1. Be a star and scan region B:408-434 for residues whose amide nitrogen sits under 17 Å from the point 7 Å along the Cα-to-Cβ vector of residue B:173.
2. So how strong a dipole does region A:434-580 carry about its Cα centre when Lys and Arg Cβ are +1 and Asp and Glu Cβ are -1, to the nearest 20 debye?
3. Evaluate E = 1/(1 + (r/R0)^6) for residue B:241 and residue A:396, where r is the Cβ-Cβ distance and R0 equals 56 Å; express this FRET efficiency to the nearest 0.05.
4. With Cβ to Cβ distances under 15 Å as the rule, what net charge do the other residues near residue B:245 carry (K, R +1; D, E -1)?
5. Expressed as a whole percent, how much of the Cα-Cα distance distribution for the protein assembly as shown exceeds 48 Å?
6. Return P(r) of region A:367-448 (all Cα-Cα pairs; 5 Å bins starting at 0; whole %; ordered from short to long distances).
7. What percent of all Cα-Cα pairs in region B:332-397 falls into each 10 Å bin, going from 0 up to the bin containing the maximum distance?
8. In degrees between 0 and 90, to the nearest 10, how far off the longest principal axis of chain B does helix B:19-46 point, with axes built from Cα atoms?
There are 2 protein chains.
Amino acid sequence: MDGFARYFPILAWGRTYTSETLTNDLVAAMIVTIMLVPQSLAYALLAGLPPEVGLYASMLPLVAYAIFGTSRTLAVGPVAVVSLMTAAAIGNIAVQGASEYLAAAMTLAFMSGLILLALGIFRLGFLANFLSHPVIAGFITASGILIAAGQIKTLLGVKAGGNTLPEILASLAGTLQDTNFITLAIGAAAVAFLFWVRKGLKPLLLSAGLRSRTADLLAKTGPIAALAVTALAAWALDLGARGVKLVGAVPQGLPPLSLPAFSAELWRDLALPALLIAIVGFVESISIGQTLAAKRRQRIEPDQELIGLGVSNVAAAVTGGYPVTGGFARSVVNFDAGAETPAAGAYTAIGLALATLFLPPLLAYLPQATLAATIVVAVLSLVDLSILRKTWNYAKSDFAAVLATILLTLTMGVETGISVGVVLSILIHLYKTSRPHIAIIGQVPGTEHFRNVLRHKVDTHPDILSLRVDESLYFANARYLEDYIYAAVAKAEDVKHVILACPAVNDIDMSALESLESINSRLKDAGVEFHLSEVKGPVMDKLERSGFLPHLTGKVFLSQHQALHTIRGDRFAHQGSVAV
Amino acid sequence: MDGFARYFPILAWGRTYTSETLTNDLVAAMIVTIMLVPQSLAYALLAGLPPEVGLYASMLPLVAYAIFGTSRTLAVGPVAVVSLMTAAAIGNIAVQGASEYLAAAMTLAFMSGLILLALGIFRLGFLANFLSHPVIAGFITASGILIAAGQIKTLLGVKAGGNTLPEILASLAGTLQDTNFITLAIGAAAVAFLFWVRKGLKPLLLSAGLRSRTADLLAKTGPIAALAVTALAAWALDLGARGVKLVGAVPQGLPPLSLPAFSAELWRDLALPALLIAIVGFVESISIGQTLAAKRRQRIEPDQELIGLGVSNVAAAVTGGYPVTGGFARSVVNFDAGAETPAAGAYTAIGLALATLFLPPLLAYLPQATLAATIVVAVLSLVDLSILRKTWNYAKSDFAAVLATILLTLTMGVETGISVGVVLSILIHLYKTSRPHIAIIGQVPGTEHFRNVLRHKVDTHPDILSLRVDESLYFANARYLEDYIYAAVAKAEDVKHVILACPAVNDIDMSALESLESINSRLKDAGVEFHLSEVKGPVMDKLERSGFLPHLTGKVFLSQHQALHTIRGDRFAHQGSVAV
């Protein structure tokens, strides 16, 4: 697809829309709606926002994604990690409950949306790749722990605070004596019920004769039962009067149209958080999208996904919402429920619109502890410390990056954690490639093959030093190569020729070229010729363009074997002529 | 060398010190001393410091380097670029002439010294490699332009200011009418004389019958004549009374022992500048050291060089000096004058100590314009815009990094310029490796070789997709590989096998491993087997440790040819069994 249509994937799937697709999408939308109501309310509270903001963020953004997104089944909306990041970003700027807090949330969504749009339009989606898998895994795990810890206060009904794990625990310790035991009972019951729904409901439904898929989907709607029962109990027993915190008055009706705040100071303060939210959200979303798309052999376009998520966030910003992205649980449910096109998302939006019209009177009696229970059960599935063991076994460098990300996220907050994780993975990568594997090689007797002298029995010649470098040459390792060669030549006093074999060199940048020039001229000063062998085509093109080759004291050979043959031949010829 | 002696290279060369070495070192020291006096004074003024600070910084640091440095001929002391960086760093903190300014300069030297020492002790010298050659070349060129522009005010005798090129030019434009024409005459004459010394003096000396090397060295001491003549003229004609700015009273005697300031706020403000000065100084110094060492087939140890420069800077800090590093011109003169060991540096220090004892009365009459002329002539040799043309021809990515470095250094100052240059080179490198070359390959008919289908006539099979990736796999390109494979499989509907050939893959990090796992499981969902071929030994070791291989739907083959042979054989065998 190119041109205009590229930006509107809806034009592609819309053409083949049938009544059968409609039915499938409608069924999926209904199930996702039931699942989204409690999640949206809960995540809004997690972000420190009024509960209805979660519902607002689950309407227009879904319609926007249906038009611009490329995944057929991704369900966007508020998600746990982004909600936590939102709370962290705005917590520094405004007080929860103040109107500035809400305005900052919308502005954050607007800025994230613009960043995503810009990345998509300029095709800069590759920037998200700088977030390595282990770092994002560590970050999500640490976020899950932070989120769960942060809900304990609501489950206990105490007024605690804190943004980092030590702060949260210290604050809880100081307020434990204020525990409201009715709240705790509701919260504990809800947590237990929701865990049972996850593990025990499906087998029960199966034994009741339901088909596996139906049982699966029904189990996903279980949380709504927890909401209904606890709200009913709160109303019947007037628990609000007994110190149980309820959701309280929620405005009835569709989201208001809104505009983000345009304050230079606010934008500057939110710039980094908006960037981090955009990138973390995108990375989460695209991995979910790819997982689902691959199952049906469909494709998603990363750059267009950026645009889809960007428009969704802008849509959230102008309808009283906050940052959104593709959510894992809801997307899987949408997929399993049989959604075939992004239209299912639009129908879900209608479902949620109906919810905002009719639910609020019922929500007033909903205990906040029930929502906290929903969050705890949802995020504990994010916590997976096995990444530490996996990386420890696989590569210590990855382990170091993950450990730093987890510890810093828990102790210094989400922004520091993810930022340091990204910087650390880049530094570790640069460090690894800055000390490439370089082997002194010799000829396997009787063959044209050359191997590491340390690992194989090979022939070498005292006047010829053959080296193979197993990495592209660029600024971070250019000087290392120089050092290595100077050290090797200083040690081997008889050497008259150095041959650098480059079969694994995919690129030579300007710094590395200058290092090759330095090596060439310094070896020349020392009376040593410098040769290259097995240079790849594209690299050779660059070298030819550079003007380096005429100054090369030696030659460029197609193969290491040819290099050795020619140089030794030359020498014999030369000695011969001297003898005559 | 190992253990204790490793940290004291003096123990190695000291043992073979003879009277002949002594003579050679003394001669070299005398010539370098004569050259260093005007340079040290001038660079101190450039750094915004009293002139004697330049002399102080040329004593104990040289002795320290003689003990700890590994280059036989490197001459350390104040240099132009580091002096400019010092002025930029301290200019934000204190006013020139205030005692805080001097204290900050010493603190900066102390911090740079500690940073260099730490890098050396923890063997982190590779960090300096993140400064790519083109970026450092662009930075030095831009610094040279900034320095030269900044001296114009002294050559004109006006009071102008500014830290960036636009500021300097604007400030000059506003003060041009105050030009002191006597100052201008002295400055212009000195500049003309010094340029002539560079170009014209040596031929003259040669025609007078001197040997080439002697003529060369004498020409290098020419600047001292400019100092003597202009100081004499200023004294005789009482130019100070006619508005010509003179150096004025310089304290006579050895440098005072001093301690850097230990203020937390100052240290925080100077942390980044100290790091940048340490790294830029180290990179300059080591490339000079390596150039000279290679000519005599000697070695320098980068990590020990860090220690040598670190101790030198600490030495500068405790003797009233400011940041120092190895200087190009003086090191070359030292080398050419026949210095054989670092002891020559210690003798130079003695020479400069004598200068601080006896010169100050003469310096009082030295016009500042003469020193400015010394600086201008010295730094204009740093300016080399050809790096722009070279990088433009070689690689646009390097060009972009250089251009950004030059423009930002000129317009935003040295710290921004060098910082953005470093970050940009890293981002460009990550970008390049984040989109590795991936080729769909086929078999060259009648051979066991496989080549890019786009470049060669090769055989392929509709049910087998063979890909070769020409880059190590790591987090920045892991997702790109996933996207590429999903797109390729989505396009080729008949594909049942994907073979990834890895002859150029030198490493697979945890992110890339997880991408391979995703590819494997998503292809499995789509009914496609995933195979690897030509995996290098160390990479295979990691994969075996990871637990990935048992889940691989396909196999790992030693060669692409074997892969194709086995898969096609399997298929025929399978079809055969069906037929039976």
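1. From region B:408-434, the list is B:411-412.
2. The dipole magnitude comes to about 280 debye.
3. 0.20
4. Values: positive: B:153, B:159, B:242; negative: B:178, B:238.
Charge balance near residue B:245 sits at +1.
5. Working: 290127 of 672220 pairs.
I get 43 percent for the Cα pairs in the protein assembly as shown exceeding 48 Å.
6. P(r) over region A:367-448, rounded to whole percents: 3, 12, 13, 15, 14, 10, 8, 7, 5, 4, 3, 2, 1, 1, 1, 0, 0.
7. The distribution over region B:332-397 is 15, 22, 32, 18, 11, 2, given as percents.
8. 90 degrees
Laboratory data are not the source of any read-out in this text; all were calculated from the coordinates shown. Quick caveat, the model's predicted, so the values are computed rather than measured. We place every Cβ from the backbone using ideal geometry, glycine too, and count neighbours over all the protein chains shown.
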